[in-house]
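Notes for the one structure printed next.
Derivation of every value follows stated rules applied to the coordinates shown; laboratory data play no part. Note that the structure is a prediction, hence the values are computed from the model and not measured. Counting neighbours? That spans all protein chains shown, and the Cβs are built from the backbone with ideal geometry, glycine included.
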Amino acid sequence: MNLKDFIRSIPDYPKKGILFRDITTLIEDEKAFTETIDQIVEKSKKFKFDAIAAIESRGFVFASAVSYLLKKPFIMLRKKNKLPAEVHSVDFELEYGSATIEVHKDSIKKNDNVLIIDDLIATGGTAEAAAKLIEISGGNVCSFIFVINLFDLKGTEKLINKGYKVENLLEFPGH
């Protein structure tokens with residue numbers, strides 16, 4: 001199965017000049033979604049980890065299924081003011097604005113090895129912020145797994161240059 005066939009490309013979304021890679025068509029197809037989860041699980045076997053973290057909101061779709069199958073805790077990295085307890089926060093730049101993500105202070109145990117799963121990596125700003133959240137919480141990032149890498153936006157390269165391991169299932173140009 002070629003998972004690329006299930007990714008819809010939408011030009012000029014969310015703003016002019018962005019070519020948005022839409023994963024809703026992939027998750028709406030039960031065979032493609034199952035194959036995606038199976039591939040993420042297979043790639044995760046390369047790493048030793050205690051928990052799985054995901055970035056709101058599309059990362060939750062993939063990470064929660066993987067967490068269930070691997071029987072690992074699932075940690076939500078959420079947008080600002082979405083978590084009710086005490087949080088760590090990291091501000092970061094997106095390719096089309098800025099944002100803040102947060103994690104509950106008690107979600108990650110000291111020295112936990114955490115696998116971060118997300119739907120897509122572009123410039124790497126969100127992923128880098130997620131890594132900072134894990135680290136300020138006392139954990140270690142064992143690896144990232146992305147469904148899609150927008151290779152020409154160099155986010156994967158940025159993470160690798162900072163010493164992180166990165167895996168992805170699919171590659172697309174970002175423009």
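Suppose the filter is assigned to a strand (DSSP E or B), without any contact (Cβ under 8 Å) to a residue 24 or more places away in the chain and not β-branched (Val, Ile, Thr); does residue 171 pass it? When the stated conditions are applied, residue 171 passes them.
Looking at (1) at positive phi; (2) in contact with a strand residue (DSSP E or B) (Cβ under 8 Å, 6 or more places away or on another chain), find the lone condition where residue 97 falls short. The one condition residue 97 does not meet is (2).
When you scan region 108-117, do you find a residue that is buried (at least 23 other Cβ atoms within 10 Å of the Cβ) and not aliphatic (A, V, I, L, M), even just one? Within region 108-117, not a single residue is buried (at least 23 other Cβ atoms within 10 Å of the Cβ) and not aliphatic (A, V, I, L, M). Checking each residue in region 155-166 for being surrounded by fewer than 22 Cβ atoms within 10 Å (Cβ to Cβ) and either among the aromatic types (Phe, Trp, Tyr) or part of a helix (DSSP H, G or I) (or both) picks out 157, 158, 160, 161, 164. The conditions of being on the phi > 0 side of the Ramachandran plot and within 16 Å of the chain's Cα centre (by Cα) are met by residue 154. Only one entry in 128, 135 is surrounded by 14 or more Cβ atoms within 10 Å (Cβ to Cβ), free of Cβ contacts under 8 Å to residues at least 12 places away in the same chain and acidic (Asp, Glu), namely 135. Note on region 18-43: residues that are touching a residue at least 60 places away in the same chain (Cβ under 8 Å) and not polar (S, T, N, Q) total 7. Restricting attention to region 102-149, the residues that are of a type in the set (Ser, Thr, Tyr) and in a strand (DSSP E or B) total 1. When residue 152 is tested against (1) without any contact (Cβ under 8 Å) to a residue 40 or more places away in the chain; (2) within 24 Å of residue 7 (Cα to Cα); (3) outside any helix (DSSP H, G or I); (4) acidic (Asp, Glu), exactly one condition is not met: (3). Among residues of region 19-52 being over 19 Å from residue 72 (Cβ atoms), β-branched (Val, Ile, Thr) and touching a strand residue (DSSP E or B) at 6+ places or on another chain (Cβ under 8 Å), the one that is surrounded by the most Cβ atoms within 10 Å (Cβ to Cβ) is 23.
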